[in-house]
1. Give the residue, chosen from 187, 167, 226, that is assigned to a strand (DSSP E or B), under 18 Å from the mean Cα position of the chain (by Cα), within 22 Å of residue 83 (Cα to Cα) and in contact (Cβ under 8 Å) with a residue 60 or more places away in the chain.
2. Any residue in segment 206-217 that is in contact (Cβ under 8 Å) with a residue 24 or more places away in the chain sitting within a Cβ distance under 6 Å of a residue that is part of a helix (DSSP H, G or I)? List the pairs, counting only those 6 or more apart or interchain.
3. Out of everything in segment 190-210 that is part of a loop (DSSP other than H, G, I, E, B) and among the hydrophobic types (A, V, I, L, M, F, W, C), what residue ends up being surrounded by the most Cβ atoms within 10 Å (Cβ to Cβ)?
4. If you scan segment 152-177, which residues turn out to be farther than 19 Å from residue 71 by Cα and open to solvent by less than 20 Å² (accessible area, probe 1.4 Å)?
5. Give just the number: which of (1) within 18 Å of residue 138 (Cβ to Cβ); (2) open to solvent by 10 Å² or more (accessible area, probe 1.4 Å); (3) not in a loop (DSSP other than H, G, I, E, B) does residue 66 not satisfy?
6. It is to be established whether one or more residues within segment 122-140 are assigned to a loop (DSSP other than H, G, I, E, B), among the basic types (Lys, Arg) and either at pLDDT 95 or above or at positive phi (or both).
7. Just to be sure before I move on: is residue 96 polar (S, T, N, Q), free of Cβ contacts under 8 Å to residues at least 24 places away in the same chain and more than 22 Å from residue 50 (Cβ to Cβ) in the structure I sent?
8. Does residue 126 meet the test of being within 28 Å of residue 28 (Cα to Cα), out of contact with any His (no Cβ under 8 Å at 6 or more places or on another chain) and not small (Gly, Ala, Ser)?
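The values are calculated or read from the model by the stated rules, or taken from the named source; none is laboratory data. As the structure is a computational prediction, the values presented were derived from the model and not from experiment. We place every Cβ from the backbone using ideal geometry, glycine too, and count neighbours over all the protein chains shown. SASA here: full protein model, heavy atoms, side chains in, ligands and nucleic acids out. Shrake-Rupley method; radii C 1.70, N 1.55, O 1.52, S 1.80 Å.
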Amino acid sequence: MDRKAVKLDASWMEVIGDEFDQPYMQNLKQFLREEKRQGKKIYPAGDDIFNALNTTPLNKVKVVILGQDPYHGPGQAHGLCFSVMPGVRFPPSLLNIFKEINSELNLPMPNHGCLQSWAEQGVLLLNATLTVEDGKAGSHQGKGWETFTDAVIKQLADRTEGLVFLLWGSYAQKKGSVIDPKKHYVLKSAHPSPLSAHRGFLGNGHFIKTNEYLQKSGKDVIDWSLPPL
């Protein structure tokens, strides 16, 4: 990928811009170009691939939630992990996230699943893989994105302190292994997927714990409710 052609927030470009010059990113660029040449539908739309980084600049990050893949259905993914475009039915994991928020904070179930307002408050909603082929979950894993997002997490963990990392499921926990728990507040639980939510995600108290930590640190808490559309 040509860094000059990538629309990325300046705060992030300053610390991870060199990644775009690396061979793995050039290979990823060629892979994506070939996929499109073959007429395959790729999600999210090009302008949304770096939405998480563009909505939450480096110096604004307070909380990090790590996901794995973008949603692979039409109109769902828009570059924020677990989030869907307004008007799209809640995927099961997102529904369980809302159930946990309702249980912890007694907030009403929102009428949409777009988490943009969280991102604007400083919640970095980062997937490990930033693109996917229509209808094929995990289709862009192992193509280079994981190396890029590892670099994002490492820069974030090393250059800042006092962030809250929410690591749901073994994949996120493994990816977050570079985070120093002495520098940051690391919360771990099962994944919100229906396959595992009842094994420790539901009832984990992460949303209350996050805000308690932010408050103790003198930071504004996150409003986990979503403005109605």
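1. Numbers: 187 fails: in contact (Cβ under 8 Å) with a residue 60 or more places away in the chain; 226 fails: assigned to a strand (DSSP E or B).
Within the list 187, 167, 226, the selection yields 167.
2. 207/101; 207/104; 208/104
3. Quick first cut of segment 190-210, residues part of a loop (DSSP other than H, G, I, E, B) only: 190-196, 200-205.
Subsequent filtering for residues that are among the hydrophobic types (A, V, I, L, M, F, W, C) retains 190, 195, 201-202.
Values: 190: 17, 195: 12, 201: 22, 202: 16.
Result: 201.
4. Within segment 152-177, 152, 153, 156, 157, 162, 163, 164, 165, 166, 176 qualify.
5. It fails just one condition, (2).
6. First, the residues of segment 122-140 that are assigned to a loop (DSSP other than H, G, I, E, B): 122, 128-131, 134-135, 137-140.
Then keep just the ones that are among the basic types (Lys, Arg); that gives none.
Among the residues of segment 122-140, not one is assigned to a loop (DSSP other than H, G, I, E, B), among the basic types (Lys, Arg) and either at pLDDT 95 or above or at positive phi (or both), which makes the answer no.
7. Numbers: polar (S, T, N, Q): yes; free of Cβ contacts under 8 Å to residues at least 24 places away in the same chain: no; more than 22 Å from residue 50 (Cβ to Cβ): yes.
No, not satisfied.
8. On the way: within 28 Å of residue 28 (Cα to Cα): yes; out of contact with any His (no Cβ under 8 Å at 6 or more places or on another chain): yes; not small (Gly, Ala, Ser): yes.
In short, yes.
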